[in-house]
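Let me begin by presenting the structure, written as structure tokens, before commenting on it.
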Amino acid sequence: MTEPLVSIIIPCYNAGAYITDALKSIVHQTYTNIEVIVIDDGSTDDSIEKIQEVGDKRIHVVHQENKGQGAASNVGFQLSKGEYIKFFDADDIMCQEHIELQVKKINGQKNVIASSEWYRFFNNDMATAVYATETVWNDLRPLDWLKKSLSQQYDMMAAWLWLIPRELLIKAGGWDERLSLNNDFEFSVRLLLQADKVVFTRGAKVYYRSGRHSALSRSSSKQAYEAAILSTELACNYLLSAENSPIMKAICADRYQEWCFRIYPHFPEIVQLLEQKVQLYGGSSRQMEGGKLFQKMSDLVGWKMAKRIKFFFYKIGYVRLFESFIKIFKRSKNYHQELATNNI
């Protein structure tokens with residue numbers, strides 16, 4: 001029996017420092033019947049040279065002016081011929097058995113999506129790779145998968161998790177090209193809700209690179225945030241259409257609250273809109289995360305004021321001075337406690 005063709009689509013924008021590692025992990029897969037479609041989205045670095053150096057005939061490069069990851073992914077899908085589709089980031093790495101294991105797990109089913117394990121690594125050092133088993137690392141109905149994943153403190157909705165049957169992707173539709181930030185969330189929710197089942201592929205590992213300063217996920221422009229909120233709104237509408245329950249409303253409220261934490265104190269009109277959405281869905285119990293000092297400040301003055309104080313010190317460049325002040329304060333406090341303890 002002929003192995004089905006798998007199309008691996010990689011949008012690439014100025015990923016010259018990383019794309020060699022990504023492509024090598026793909027061309028050395030134990031599953032060989034693949035095509036790799038790299039959409040160069042107007043790169044200005046040495047990405048093309050790095051791609052050419054890999055030198056595998058299964059790699060096809062298409063050039064376009066910079067239009068964003070969604071547009072590049074859609075072009076890649078239009079050009080693809082595979083029975084199964086894998087969207088992949090230009091700075092991530094997959095284990096050698098990744099595609100083979102996911103193809104076997106789907107086992108020819110047309111309305112089933114295969115998920116995978118994922119590991120996060122830092123500072124370009126694979127030795128730092130860490131993971132924590134998720135509650136969704138099982139075979140689940142899509143709605144159950146979404147509820148379990150989105151009820152966690154941290155969820156992973158990246159499109160590289162999935163091996164997608166072509167017919168299912170056509171049914172769900174491609175990427176929304178309006179969305180420059182948080183677009184995986186909208187895409188993955190819409191995609192999964194069209195499937196009959198999500199099957200977990202144990203051992204099919206993806207290594208997710210953290211700390212890339214030029215990554216789109218670090219964008220903080222007003223336009224990017226507006227796109228992120230639109231993605232959230234669309235995805236929440238899909239979820240509530242599938243199940244208008246207290247649990248789903250709480251998930252949506254938490255999602256909007258997380259964006260409040262991220263955006264504040266910038267763009268107050270966007271934050272106000274987000275806060276209205278949080279209340280619309282019944283409020284959120286989520287707490288903004290931070291170090292021990294931030295948590296103590298939040299307890300005293302609220303998370304908004306604590307974030308303003310933190311932002312002020314970072315903005316004026318006195319982070320080290322601030323940290324030194326805190327150390328001196330703690331030492332002084334300990335010193336006075338010792339005096340009191342010893343009745344000095």
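The values are calculated or read from the model by the stated rules, or taken from the named source; none is laboratory data. Quantities reported herein were computed from a predicted structural model and do not represent experimental measurements. Cβ coordinates were reconstructed from backbone atoms using ideal geometry, including for glycine residues, and neighbour counts include every protein chain displayed.
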Residue within the range 245-260 that is in a loop (DSSP other than H, G, I, E, B) and either touching a helix residue (DSSP H, G or I) at 6+ places or on another chain (Cβ under 6 Å) or in contact (Cβ under 8 Å) with a residue 60 or more places away in the chain (or both) present: no
When residues of the range 156-171 are limited to those that are assigned to a loop (DSSP other than H, G, I, E, B) and out of contact with any helix residue (DSSP H, G or I) (no Cβ under 6 Å at 6 or more places or on another chain), the one surrounded by the most Cβ atoms within 10 Å (Cβ to Cβ): TRP162
Qualifying residue in the range 122-133 (condition: among the polar types (S, T, N, Q), in contact with a strand residue (DSSP E or B) (Cβ under 8 Å, 6 or more places away or on another chain) and farther than 17 Å from VAL198 by Cβ): yes
Residue count for the range 113-139, restricted to those that are within 17 Å of the chain's Cα centre (by Cα) and among the aliphatic types (A, V, I, L, M): 4
Only listed residue being surrounded by fewer than 18 Cβ atoms within 10 Å (Cβ to Cβ), of a type in the set (Asp, Glu) and within 21 Å of PHE87 (Cα to Cα), chosen from GLU226, GLU233, GLU177: GLU177
Subset of the range 271-287 (residues that are modelled with pLDDT under 95, surrounded by 11 or more Cβ atoms within 10 Å (Cβ to Cβ) and not basic (Lys, Arg)): GLN287
Top-ranked residue in the range 101-132 [being in a loop (DSSP other than H, G, I, E, B) and not charged (D, E, K, R); ranked as nearest to ILE26 (Cα to Cα)]: ASN124
Some residue of the range 1-17 being in contact with a Ser or Thr (Cβ under 9 Å, 6 or more places away or on another chain) and among the hydroxyl-bearing types (Ser, Thr, Tyr): yes
Those helices (runs of 4 or more DSSP H) lying entirely in the range 4-100 with at least 2 residues touching a Pro at 6+ places or on another chain (Cβ under 8 Å), in contact (Cβ under 8 Å) with a residue 60 or more places away in the chain and under 22 Å from ILE164 (Cβ atoms): 69-79
In the range 244-265, residue nearest to PHE313 (Cα to Cα) [restricted to those that are more than 22 Å from the chain's Cα centre (by Cα) and not β-branched (Val, Ile, Thr)]: PRO265
